[in-house]
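Colleague: I'd like to ask you about the structure that follows.
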Amino acid sequence: MDESYLVEAAQKGDLEAFNRLVLHYQDMAYNLAYRMVSDGDVAADVTQKAFLSAYRSLSSFRGGSFKAWVLRMVTNASYDELRHRKRHPSVPLKPVDEYDEEIESPEWLKDGDPSPEQMVERAELDRAIQQCLEGLPPEFRVVALMVDIEGLDYQQVANVIEKPLGTIKSRLARARLRLRECLSHYLELLPAEMRLDGR
């Protein structure tokens, strides 16, 4: 994909070019939003808002990494959602399917054909990781997600959240330390290679 060509075409009004950019980055954007807001439907809304914001602001894009620019939009939209929740807290409902049955294991947890035991263990581990992520302040969480989940380098993250490189490194170190401390309460769920004690 020739990103710069597509961006230039989109800035000239080529909607198909913008749609190709969206298709290329939508999974990464959604994953970041989901890990920030912990709700699939809300993450989809946040992602959509971010891309709409990107489309409306295309004329202000001055080059560089379009991916970083879009992830900044996702980060800002996620922060907005978290602030909204803080002002208007709600009681979460159990996820249900179209038959109003409670969903035990979200679809995104499934991979291959794991055994029921593996599925339970994996669901418990994922819940533990998500709970630990949610315990982080948003400014730590977003850095950990971008570096450790999305694979961005420090400079890209610095560009996305518009903070100095030293701040990114400091926040990531603190986030990892807090995650390690939090996950130490779930040692029995962690694979051996993730345990600090090697057991």
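Colleague: Looking only at the range 130-173, which residues are assigned to a helix (DSSP H, G or I), in contact with a Cys (Cβ under 9 Å, 6 or more places away or on another chain) and surrounded by fewer than 19 Cβ atoms within 10 Å (Cβ to Cβ)?
Modeller: Hit for the range 130-173 is Gln131, nothing else.
Colleague: I've got another one for you. Any idea how many residues of the range 12-56 are hydroxyl-bearing (Ser, Thr, Tyr) and either modelled with pLDDT under 90 or in a loop (DSSP other than H, G, I, E, B) (or both)?
Modeller: Total meeting the criteria: 1.
Colleague: Right, something else. Taking the criterion of being in contact with an Asp or Glu (Cβ under 9 Å, 6 or more places away or on another chain) and open to solvent by less than 10 Å² (accessible area, probe 1.4 Å), would at least one residue in the range 23-35 satisfy it?
Modeller: Yes, that holds for at least one residue.
Colleague: Could you look through the range 174-199, keep only residues that are closer than 30 Å to Ala68 by Cβ and open to solvent by less than 60 Å² (accessible area, probe 1.4 Å), and pick out the one that is modelled with the lowest pLDDT?
Modeller: Leu183
The values are calculated or read from the model by the stated rules, or taken from the named source; none is laboratory data. Note that the structure is a prediction, hence the values are computed from the model and not measured. FYI the Cβ positions are ideal-geometry reconstructions off the backbone, even for glycines, and counts take in every protein chain you see. When the accessible area is computed, the model is the full protein with side chains, heavy atoms only, and any ligands, DNA or RNA have been set aside. Shrake-Rupley method; radii C 1.70, N 1.55, O 1.52, S 1.80 Å.
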